[in-house]
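As structure tokens, the structure follows; a few thoughts come after it.
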Amino acid sequence: MSPSHGRSYLAIPGPSVIPEAVLQAMHRPSPNIYEGELVDLTDSLIPDLRTVAQTKGHVAMYMGNGHAAWEASLANVCSRGDRVLVLATGRFGHGWAEMAEGLALDVQILEFGLERAVDPAQVEEVLRADTTHSIKAVLAVHVDTSTSILSDVPAIRAAIDAAGHPALLMADCVASLGCDRFEMDAWGVDVMISASQKGLMTPAGLAFVFFNDRAKARRGDLATRYWDWSLRAEPDAFYQYWCGTAATHHIYGLRTALDMMMDEGMPAIWARHERLAQAVWSACEAWGATGPLKLNVADRALRSRAVTAIGIGPGQGDALRHWCEHEAGLTLGIGLGRTPPDAFFRIGHMGYVNAQMILGCLATIQAGLVALDIPHGQGAIDAAARAVTGGSVAAQAADADIQRRCG
Ligand SMILES: *Cc1c(COP(=O)(O)O)cnc(C)c1O
């Protein structure tokens with residue numbers, strides 16, 4: 001007997017849970033790719049993608065994953081040998097750097113380790129020292145999914161401006177888009193990349209590169225025909241959106257996911273992720289009061305609302321993951337990019353997630369800690385319950401009263 005039979009929850013930080021409505025929208029024969037519904041549907045994605053990214057800028061879509069978006073973004077603004085500055089807060093910053101090296105770019109890495117966010121003062125210092133303006137772009141990962149560190153993108157923009165440096169600001173929002181608040185235009189981001197399988201709740205397979213006019217004006221010599229964003233973002237004919245056959249079924253899926261997101265609204269989506277993340281953090285803090293469990297990021301302001309990385313001691317991360325998967329139907333994320341990897345695990349709480357899923361996930365982890373005799377503090381589920389409700393009805397009334405009186 002195993003109590004794991006029933007609906008499972010893939011709580012890894014991407015691919016995320018796909019809504020039934022998205023899957024159903026994709027369950028159809030291939031459409032005509034030359035005219036009709038698919039053309040209109042594709043056109044309709046653009047304004048909604050802009051809303052999700054909070055930009056009036058351009059968006060190029062590719063059939064690819066986050067790695068494709070990494071390469072596409074660099075290829076369109078850089079020339080062979082250009083220098084780029086990568087701000088690394090985990091595995092994904094280094095991943096983007098490796099893609100840049102593969103394009104024969106001159107990569108300079110500013111390392112912030114695995115527990116700290118980007119320090120804007122250090123970014124400013126490096127850019128001030130670059131008096132010849134050899135750095136063409138600053139590459140920042142908004143949320144590094146391996147460490148769950150959230151970096152302050154507006155502060156990075158301010159550092160670039162304070163240094164009077166013309167480098168483009170490029171942001172990786174594969175994990176954060178549609179989860180953590182992000183405002184491309186207001187935050188002064190020139191290029192932003194994302195992919196379909198995390199906050200956008202659609203199967204892996206679509207990559208997005210958003211860019212403004214400033215980035216558009218920087219033509220590099222690396223963009224070969226397939227990666228060139230110009231026709232994809234401003235197609236004269238439908239096939240140019242995709243440089244060939246359209247991503248037929250993904251278009252239907254993404255259309256449905258975006259409908260759901262537009263119905264909920266971006267502020268409500270961010271607030272839901274905030275509330276659920278606080279439940280996760282509250283439980284982890286309670287568990288960590290005694291025993292080995294420790295949130296990777298100490299400061300709440302520097303934690304992502306999409307993913308949480310947790311240290312638990314050598315071997316215990318893998319043991320807990322295996323228990324949760326095989327005994328309870330809950331799949332947790334691996335300790336990606338950590339040493340030893342089995343001393344960490346991650347919870348993905350991105351996209352199509354609600355309170356009952358997160359509370360079920362946390363209670364399951366608690367059961368795993370009990371089953372495996374891993375020491376932990378008490379009261380985690382109570383703490384999560386308080387966080388997920390935003391406090392008791394009485395506390396909410398008191399908050400509302402303060403809001404009313406203090407505007
Ligand atoms: C998932 C992820 C990627 C890589 O995406 P793939 O689709 O696996 O290529 C890049 N950056 C971040 C921040 C991610 O979370």
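No lab work stands behind these numbers, since they all come straight from the coordinates. The shown structure was predicted, so the numbers you read here are calculated from the model rather than taken from an experiment. With ideal geometry, Cβ positions are generated from the backbone for all residues, glycine too; neighbour counts draw on all protein chains shown.
Centre-to-centre separation between the Cα atoms of the range 9-86 and those of the range 193-256: 6 Å. A DSSP coil position with no more than 16 other Cβ atoms inside 10 Å describes the following trypsin sites (Lys or Arg not before Pro) in the range 90-139: R116. Kirkwood hydrodynamic radius of the chain, from the reciprocal of the average inverse Cα-Cα distance over all distinct pairs: 22.1 Å.
By the count of other C-beta atoms within 10 Å, a proxy for reagent exposure, S2, S44 are ordered fewest to most as S2, S44. The convex hull built on the alpha-carbon positions of the range 137-229 has an orientation-averaged projected area of 6.7 nm².
Our summary of shape: the Cα atoms of the range 31-262 have principal axis extents of 55, 34, 28 Å, ordered from largest down, in whole angstrom.
The alpha carbon centroids of the range 328-368 and the range 277-304 are separated by 13 Å. Among K56, K216, K198, sorting on how many other beta-carbon atoms sit within 10 Å of each Cβ, with the fewest leading, yields K56, K216, K198.
Expressed in units of 2.2 N^0.38 Å, where N is the residue count, the Cα radius of gyration of the range 338-386 is 1.29.
The string of couplings for the range 128-134 from the Karplus curve (6.51, -1.76, 1.60, θ = phi - 60°) is 4, 6, 8, 5, 8, 6, 6 Hz, one whole number per residue in order, with x for Gly and Pro. Of the residues H322, H376, the one with the fewest other Cβ atoms within 10 Å heads the list, and the complete ranking is H322, H376. Give me the net charge for the shell around G14: Cβ to Cβ below 11 angstrom, other residues only, Lys and Arg +1, Asp and Glu -1. Net charge in that neighbourhood comes out at +2. Taking R0 as 25 Å, what's the FRET efficiency between R386 and D263 from their Cβ-Cβ distance, rounded to 0.05? That pair, R386 with D263, gives E of 0.30. Note on D48 and Y34: the model spin-label points, each 7 Å out from Cα along the C-beta direction, lie 2.7 nm apart.
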